[in-house]
Amino acid sequence: MPTSLNWDDGEIITVDQRRLPHEYRTVHLRTVDDVIDAIQTLTVRGAPAIGLAGALGVALAAARHPADRAAVHAAAERLAAARPTAVNLRWAVDRALRRLSEGPGAVLDEALTMLREDGEVNRLAARRAADLVSSLGGPGALRLLTHCNTGRFATAAGGTALGAILDLAERGRVAEVLVDETRPLLQGSRLTAWELDEAKVPYRICVDSAAPAAMARGMVDCVLVGADRITAAGDVANKIGTYGLAVAAARHGIPFVVVAPESTWDRTIAQGSDIVVEERAGHEVTVFGGAAVAPAGARVFNPAFDVTPAELITAIVSEQHTVRG
Ligand code: MRU
């Protein structure tokens, strides 16, 4: 499986996720502004991937300003602030920046170490989550439901929640994956379906509002999602729609499992209501495929994420721990 985020000869090479599924096109990010723009436009998206892009952005800044630490710090701050909700971004930017006193080479080394680590982190978290879901879901092939995209496009490796689904599929434990289309930007139908197609795992796409109905009809054995920030109490910020899935899963007694690296935990935040939820432009909701789908001037509420309280979560699985709800 090719990785979706790479470093080559002073450039970040990544897949332009806005163009999928129509076109698989790579883009080259050469400056800090390129990286910030890519993160803000969701050219690069998913908590681990934006963190890694941010760390490599710090390496680009350090190489550009070898004798000006203040300039690198300023660039790092801009990178860390490019999107507010996923803590992985600030975590990775800060980790790369801590090596600045050793010179630009050390900053790059740290960013590349993180890039390599992501493979192992994904593999371990995915295996641990797959083991758990196997035991929770009972014998036989499972019907899984997922939201947004948590696979290779959202990381630099095999993915978190989707990594677990692919691991289960390799074990012959997946009957079908229901993929929420994930309004408004369709990370589910555009990206997750693409990855499941690539891996030849059976799936069906449903509109987000069909997911609770699927649960009510007994079509789902387990829900698996990723996370953008997890508080000390285990409240989880993730793509808008996740909270509704958790409420429906609890109503129907269906296990609800979050898979995310340790770097997604933010133990400085006590509770979910303290998480900053990004609000995005209204046109993401009012324009669909280039055509207006709302009256001109319609006002919009477009939060990119929501927060699921710990009490609705069966387990949060990382590469190191499983925290049971
Ligand atoms: O706005 P996005 O597409 O970056 O949101 C991504 C998600 O919410 C993912 O579920 C999360 O980042 C986990 S990715 C392993």
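The values are calculated or read from the model by the stated rules, or taken from the named source; none is laboratory data. The model shown is predicted, which means the values in this text are computed figures rather than measured ones. Positions of Cβ are backbone-derived with ideal geometry, glycine not excepted, and every protein chain shown enters the neighbour counts. Each accessible area value is taken on the protein alone, full model and side chains, heavy atoms only, with ligands, DNA and RNA left out. Shrake-Rupley method; radii C 1.70, N 1.55, O 1.52, S 1.80 Å.
Annotations
- Within the option set ARG45, ARG30, ARG78, ARG25, being under 28 Å from THR308 (Cβ atoms), of a type in the set (Lys, Arg) and modelled with pLDDT of 95 or more holds for one residue only, ARG45.
A quick yes/no check of all residues on (1) polar (S, T, N, Q); (2) part of a helix (DSSP H, G or I):
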position	(1), (2)
GLU120	no, yes
ARG123	no, yes
ALA126	no, yes
ALA130	no, yes
VAL133	no, yes
LEU145	no, no
ASN149	yes, no
THR155	yes, no
GLY158	no, no
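- Checking each residue in the range 84-125 for being among the basic types (Lys, Arg) and either crowded, with 24+ Cβ neighbours inside 10 Å or within 16 Å of the chain's Cα centre (by Cα) (or both) picks out ARG90, ARG123.
- Options ALA75, ALA70: the member that is open to solvent by less than 20 Å² (accessible area, probe 1.4 Å), on the phi < 0 side of the Ramachandran plot and part of a helix (DSSP H, G or I): ALA75
- The residues in the range 175-201 that are surrounded by fewer than 24 Cβ atoms within 10 Å (Cβ to Cβ) and of a type in the set (Val, Ile, Thr) can be counted, and the count is 1.
- Filter result for ARG324 (touching a strand residue (DSSP E or B) at 6+ places or on another chain (Cβ under 7 Å), without any contact (Cβ under 8 Å) to a residue 24 or more places away in the chain and open to solvent by 60 Å² or more (accessible area, probe 1.4 Å)): yes
- Filtered by the rule that a residue be more than 9 Å from the ligand (Cβ to nearest atom) and either farther than 13 Å from ALA248 by Cα or of a type in the set (A, V, I, L, M, F, W, C) (or both), the range 216-228 gives ALA216, MET219, VAL220, CYS222, VAL223, LEU224.
- Checked against the criterion of being more than 13 Å from the ligand (Cβ to nearest atom), touching a strand residue (DSSP E or B) at 6+ places or on another chain (Cβ under 6 Å) and not in a strand (DSSP E or B), the candidates ALA250, ALA233, ALA193 yield just one match: ALA193.
- Which listed residue, of GLU102, GLU120, GLU77, GLU110, is acidic (Asp, Glu) and in contact (Cβ under 8 Å) with a residue 60 or more places away in the chain: GLU120
- Of all residues making up the range 39-67, the number that are open to solvent by 50 Å² or more (accessible area, probe 1.4 Å) and in contact with a Lys or Arg (Cβ under 8 Å, 6 or more places away or on another chain): 1
- Enumeration of residues in the range 208-254 that are surrounded by fewer than 16 Cβ atoms within 10 Å (Cβ to Cβ) and at positive phi: GLY218, GLY253
- The range 1-22: number of residues that are in contact with a Gly (Cβ under 9 Å, 6 or more places away or on another chain), at pLDDT 95 or above and either over 21 Å from LEU108 (Cα atoms) or within 16 Å of the ligand (Cβ to nearest atom) (or both): 1
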